[in-house]
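Each reported figure results from applying straightforward, stated rules to the coordinates on display, with no laboratory input. Given the structure is predicted, the values throughout are model-derived calculations rather than measurements. No Cβ is skipped: glycine too gets one built from the backbone with ideal geometry, and neighbour counts run over all protein chains shown.
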Amino acid sequence: MEYQGLNSPCKQRAVKEWIKKFKLCVCIIIESNFRKEFVDSKLKYIFGGWKTCHNCSQENSARLVVGWDSTMVEVEVLWSSTQLIHYKITFNSNRQEVFCSLHYYFFFFFWGDLDRATLTSPGPWVVLGDCNIMRFGSEKIGGLPPNLDAMGEFNDCLARNGLEDIKDKGRDSLGAMSKLGIEGSYVSWIGA
């Protein structure tokens with residue numbers, strides 16, 4: 001499950017409810033905007049006894065957060081940057097592994113992080129986040145014309161790293177509660 005922006009107590013309660021309702025074992029947050037001095041207390045409130053990691057050591061605020069139920073999964077952070085947390089999830093029940101990259105926003109810097117993550121993902125790999133870029137001009141509705149150079153770089157990066165765009169979004173794939181202003185990610189990829 002993925003949520004964007006979490007400083008409101010109403011949103012924090014909503015995440016707690018979703019974790020319980022859907023019996024999640026991993027929850028990610030993009031754009032949490034938790035200030036450094038409040039990160040630990042907010043994560044303890046939201047995730048209770050779960051383990052957590054964030055990229056606050058890279059930033060003055062935690063933009064990226066991963067929480068997990070350690071009775072169900074193990075999460076090992078392989079590395080992180082201001083744009084990305086790259087980690088491995090191992091399911092306790094069968095020891096199967098999946099590599100995950102959670103990223104945020106500044107797409108030109110992100111391409112290098114994805115290239116690096118490819119080298120440390122020997123198994124199934126999922127990339128979650130919001131690149132703020134589209135793959136094809138036909139995805140654009142209104143506004144300014146699309147940035148063709150950026151779209152080309154994005155598609156080259158996906159191809160170079162063996163990633164495939166999954167055409168799924170919203171409540172059914174990641175969970176969204178728009179009445180609270182909580183939005184699901186619009187893009188996910190799984191490596192070949």
Worksheet entry | Cα-Cα separations in segment 68-136 greater than 15 Å, expressed as whole percent | 53 percent
Discussion item. Using a 7 Å offset from the Cα along the Cα-to-Cβ direction at both Lys51 and Ala150, what is the distance between the two label points in nm, to one decimal?
Written reply: 3.6 nm
Worksheet item: Here are some pairs, Lys23/Lys44; Lys36/Lys140; Lys88/Lys140; Lys21/Lys140; which of them have Cα atoms lying more than 29 Å apart in this structure?
Response: Lys36/Lys140; Lys88/Lys140; Lys21/Lys140
